[in-house]
Amino acid sequence: MRLIQIIVLSVFACAASVASADVAELYGRASAVWDARVSPDGSKVALGCAPTGRQAVCIFSLTENAEPQVFYAGDEARVESFYWASDEYLVGVVAITENVRSARRMKQYDVRRAISYHVGTEDTAILMRDQGAWSDLTGLVSVCDSKPDTMVMQIGYRPTERNEIGTRLSDSLVGVRTALYDVDLASGKSRDRPVRDASVVKTILDTACDPVVNVIYNDERQAFRIERADTRATLLEKVGVQIWPMSALGLNNSRDGLIVRADYEDLVGLYEIGLEDGSISPITYEGVELGKMGIIRNHFSDAVIGFTGTDDLQRHFYIDENLRALQSRISNALGGANVRVSSFTRNYDLYTLEAEQPGRPTEFFLYEADPENLSPLGSAAPQFAERLLPTIEPASFSARDGLTIPAYVVLPPGKTLSDGPFPTVVMPHGGPEARDTARFDWWSQGLAEAGYAVIKPNFRGSSGYGREFRDAGFGEFGGKMIADIVDAISWAEAEGIAAPDGVCVAGASYGGYAALMSALRAPGRAACIIAVAPVTNIYEHMARFERDTATYRYWSRYVGGDVFASEDVKRDITPAQRVGDFSAPVLLMHGKDDLVVTIAQARRFKDEWGSRPGLTYIELEGQDHFLRTKQARYEVLRASLAHLAANHPAR
C-alpha cells in the first residue's frame, strides 16, 4: 500500500506548514479528510476531502499510479456523504438550496439528490430524476450485491400533499407512505416496486432485496405497527402513541429477528423482535443491556456486526470477533487511540479505519490484512500534526436543584486548571437532544488557542446519560435547561476557572438560543453573547410543522406543549420578543441557506432590535446549518474572536 501513502500525502502536504497562521485561519478550515471508504473489490479508496474548502470526494486507485479523481458538486451545492454502490459506482449525496416562487410567496427548499459516479468513465447520473421535483430523492434502502448496477431507493410522501406550483416540494399534510424503486446506476432511471397500500414508513429488505418487514405509522390515528411483509402478520402494535415508539434498524445475524431502537414507556434501548412470534427481548453486549445505541451492519450480508455508542468519544463495539481483534491490535499500535472500522472489502482483505484521541483530529488509515500493513490516508486537520493543542477534560458540577451536570473544560495549549482563572466562554451544544464529547472541535479549541477556557455543559435534556436525564429536559426548553448553563458560570467562577469579570456565552442552533436566554436569565453575568443560527422564537419555529405530526409533538415535549398557554410565559422564553432586555452585546450569525433553523429567526431578532447599539449581525452567504465549509468556519471564528476582543478580551 505504499502507493496510496505517496499519493495522499502529496495531495495534503500543502496544509502541513502553518505554524505562523492566525487562529481563525488555523482552526477555521474545512476538514481535509472527513470520511474514508474502500471499494468492495479493493481496487479504489474514496476519501471525503475539501480541496477547494467545500466538501468533495477524492477517489484514489490502489492498483496503479494514477491521478486521483474528484467528485465535486460545484460552488453552490454541498456533498453531504457518499458510499460505494458497487465496484465501479460511487454514490454521492448532494444538497443545494433553491428558492421556489409560488402564487403566494417565495419559499426555500433544500433539494437533495443522489448522484452516481462511474469511476471508469467518470460519467454521472442523477438517481430517480424521473420521479419529479421531490425535495429529497436520496433515500437508500439497500445495495444488492447480486445486482451490481441496481440499488433500491425510497420516497416518503403523504397522499394528500398538494401545492400551487404543481410539484412535490411542498410541506406534507397528513399520513405517511413509502414508495420503493429499483434504480439503475448508469442512467439514474427508476422502476416502481410493488408496495403495501398503507402508511408504510420503512421497509426492511433481505440480501436479495426482497421485503421482510414493514413499519407502519399513521399520524392521524397515532397508530404504530410492525408487520411481516410476506404474510402481513402483526409483530408489534402500539395505538395512541404521539411519538414513534421505536425505529427499525435491520435484521439480526441469523435473519430471524428485527433489531429496533425503542424509546417508549418501559422499553428504552436496543431490542430484538422475533419474526415468527413477535416476541421482544433486550439486546445485550457482554452481559449488559444496551441503551439507545446505533448498529453497524455488514454492507454485503446486511448482518449486524456491532453497535455504536458515545461517551467521551464515539465508540464501536463489535460482535464479530475478527473485527474486535483487529480493533484491539490497531488501537495498541496507535498508542491506545479509539479505533473504528468504517468499511471493508468483499473479501475482508482491506479495511478503512478511523482513529482519534481526546482533543485530537480524527486520522484515517488503510489496513491490509495479508500481509499486515497500516497506511495513513490523511487527517481531518493535518495542520495540527506536530502542534500542541488545547486540552479537553471531563468535569461535572451540581445544578441549583442538586442534579449533577456533566461537562467538558477546554483549556489553552499547555495550561492546566491550576493556571486559572482564565477569561472564559461557556458554550452550550445544539440539539437539544445531543451531547458534547471530547472530540476535536474547531470552534471551542480555536477559542482556547486564543487564550480562553471554554466550558461545555451537557445540560439536562442532553442525550447519552440515560432516559431520566434526557427526560428531565422535557418542558424546560427555556427553563431549567438554561438554568444549568447559568449554573455552569457560577461553578466555573467558584472553581477558579473563570475570571471574576464575567464570561461570554456562545452556541449554535439550540446552543445559540441558550446563549441568548442565558443573558436574559442572568443579566450582568455575561460580558457578551455569540449566537450562531439560533432559534429566537421557538413557537414560530414549531409553526413550520403540522400540529398532528410526530415532529411537532417531539418539539412540544421539550417546550412544554400546552403548559405555555399564557402569552406572558411564551414571551418569557422568546428572545426575539425581549430584545429590550439585553444588556450584553450580541453577535448574531446565520447561514442564508439554513433550512434547519431558517434565517427568518435571525432576521426577526434583528428587526426587533432595531437601530439601537449592541448587536452585530452577520449573514453567511451560501451556508447551511452545519458550518462544514472553510468560508463558514473562518468567518464564525474571525467574528467570534473580534467580538470577544472587544467585549471580553483574553489575557
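The values are calculated or read from the model by the stated rules, or taken from the named source; none is laboratory data. All values reported here derive from a predicted model rather than from experimental measurement. Note: ideal-geometry Cβ built from the backbone for every residue, glycine included; neighbour counts use all protein chains shown. Only protein heavy atoms, including side chains, enter the accessible area calculation; ligands, DNA and RNA are left aside. Shrake-Rupley method; radii C 1.70, N 1.55, O 1.52, S 1.80 Å.
Think of a 1.4 Å ball rolled over the protein heavy atoms: the chain then has 41 Å² of accessible area per residue.
3J(HN,Hα) along the range 177-189, derived from phi through the Karplus expression 6.51 cos²θ - 1.76 cosθ + 1.60 where θ = phi - 60°, amounts to 9, 10, 10, 10, 9, 8, 10, 7, 5, 6, 9, x, 6 Hz, with x in place of Gly and Pro. Taking θ as phi - 60° and the Karplus parameters 6.51, -1.76 and 1.60, the scalar couplings of the range 277-291 work out to 10, x, 4, 10, 9, x, 8, 10, 9, 6, x, 10, 5, 8, x Hz in sequence order, x denoting glycine and proline.
A cut-off of 5 Å between modelled amide H atoms, ignoring neighbours fewer than 5 places along the same chain, links Trp34 with Gly48, Cys49. Tell me, what are the semi-axes, in whole angstrom and largest first, of the equivalent ellipsoid of the range 386-447 as set by the roots of 5 times the Cα gyration tensor eigenvalues? Semi-axes from the Cα gyration tensor: 22, 16, 10 Å. Take 405-417, 28-40, 445-457 and order them by the average number of nearby Cβ atoms within 10 Å per residue, most first; the result is 445-457, 28-40, 405-417.
If a helix is a whole DSSP H run, which ones in the chain reach 15 Å or further along their own axis (Cα) and hold a mean Kyte-Doolittle hydropathy of at least -1.0?
Counting only whole DSSP H runs, the qualifying helices are 2-12, 321-333, 480-494, 510-521, 630-647.
Report note on the peptides 387-400, 43-56, 619-632: ranked by the mean count of other C-beta atoms within 10 Å, highest first, their order is 43-56, 619-632, 387-400. If R0 is taken as 56 Å, the Cβ-Cβ distance between Ala223 and Glu321 corresponds to a FRET efficiency of 0.85. For the pair Arg467 and Ser583 in one chain, pulling the backbone fully straight at 0.36 nm per residue adds 38.1 nm over the alpha carbon distance. For the range 288-332, the relative contact order comes to 23 percent (Cα pairs under 8 Å, sequence separation of at least 6). Farthest towards the positive end of the charge dipole of the range 593-633, among the residues Val596, Pro613, His625, is the Cα of Pro613, using unit charges on the Cβ of Lys, Arg, Asp and Glu. When restricted to Cα atoms, the range 516-610 yields an Rg and a Dmax of 13.8, 42 Å, respectively.
Report the charge-dipole magnitude of the chain in Debye, nearest 20, computed about the Cα centre from +1 at each Lys and Arg Cβ and -1 at each Asp and Glu Cβ.
1480 debye
Once the C-beta distance of Asp548 and His118 is scaled by a Förster radius of 51 Å, the resulting FRET efficiency is 0.70 to the nearest 0.05. On full extension, the segment bounded by Val569 and Glu237 gains 115.7 nm, given 0.36 nm per residue less the C-alpha separation. Derived value for the range 554-651: Kirkwood hydrodynamic radius 15.4 Å. Basis is the mean of 1/r over every pair of different alpha-carbon atoms. Placing pseudo-labels 7 Å out from each Cα toward the beta carbon at Asp130 and Arg651 gives an inter-label distance of 6.9 nm.
Backbone phi angles across the range 111-117, fed through the Karplus curve with coefficients 6.51, -1.76 and 1.60 (θ = phi - 60°), yield HN-Hα couplings of 8, 10, 9, 9, 10, 7, 10 Hz in residue order; Gly and Pro are listed as x. Annotation: amide H of Ala472 within the under-5 Å range of Gly461, sequence separation 5 or more or interchain, hydrogens built in the peptide plane.
How big is the dipole moment of the range 486-604 about its Cα centre under a simple scheme where the beta carbon of each Lys and Arg is +1, that of each Asp and Glu is -1, and everything else is neutral? Debye, nearest 20, please.
On the way: 12 positive and 14 negative charges, 64 e Å.
Around 300 debye, computed over the range 486-604.
Placing dummy labels 7 Å off each Cα toward the beta-carbon, the span from Asp501 to Thr63 is 6.5 nm. Model label sites at Ser398 and Glu289, defined 7 Å from Cα along the beta-carbon direction, differ in position by 3.0 nm. Its alpha carbons considered, the range 195-317 gives a radius of gyration followed by a Dmax of 14.5, 45 Å. Given R0 = 51 Å, the distance between the Cβ atoms of Asp230 and Leu388 translates into a calculated FRET efficiency of 0.25.
Mind grabbing the base-10 log of I(q)/I(0) for the range 432-521 at q = 0.15, 0.19 Å⁻¹? Debye formula, identical points on the C-alpha positions, no solvent, two decimal places. Result of the Debye calculation: -0.59, -0.94. Subtracting the Cα-Cα distance of Arg612 and Glu25 from their residue separation scaled by 0.36 nm leaves 208.1 nm. Between the amide H of Thr536 and any residue lying 5 or more places away or on another chain, no distance stays under 5 Å, with hydrogens modeled in the peptide plane.
By the equivalent-ellipsoid construction on the alpha carbon gyration tensor, the chain comes out with semi-axes of 38, 32, 25 Å, ordered largest to smallest. log₁₀ I(q)/I(0) of the range 179-239 at q = 0.15, 0.18, 0.21 Å⁻¹, via Debye over equal Cα point scatterers, no solvent, to two decimals? Per q value, in the given order, log10 I(q)/I(0) is -0.51, -0.68, -0.84. Peptides 70-77, 113-120, ordered by how many other C-beta atoms sit within 10 Å of their residues on average, highest first, read 113-120, 70-77. Give me the percent of accessible area attributable to carbon and sulfur for the range 501-651, probe 1.4 angstrom. Solvent-exposed carbon and sulfur of the range 501-651 make up 50 percent of the total.
Return the calculated 222 nm mean residue ellipticity for the chain, to the nearest 500 deg cm²/dmol, obtained by summing -39500 (n - 2.57) across DSSP H runs with n ≥ 4 and dividing by the residue count.
Taken over the chain, the calculation gives -5500 deg cm²/dmol.
Overall, the ratio between the Cα radius of gyration of the range 497-545 and 2.2 N^0.38 Å, rounded to two decimals, is 1.29.
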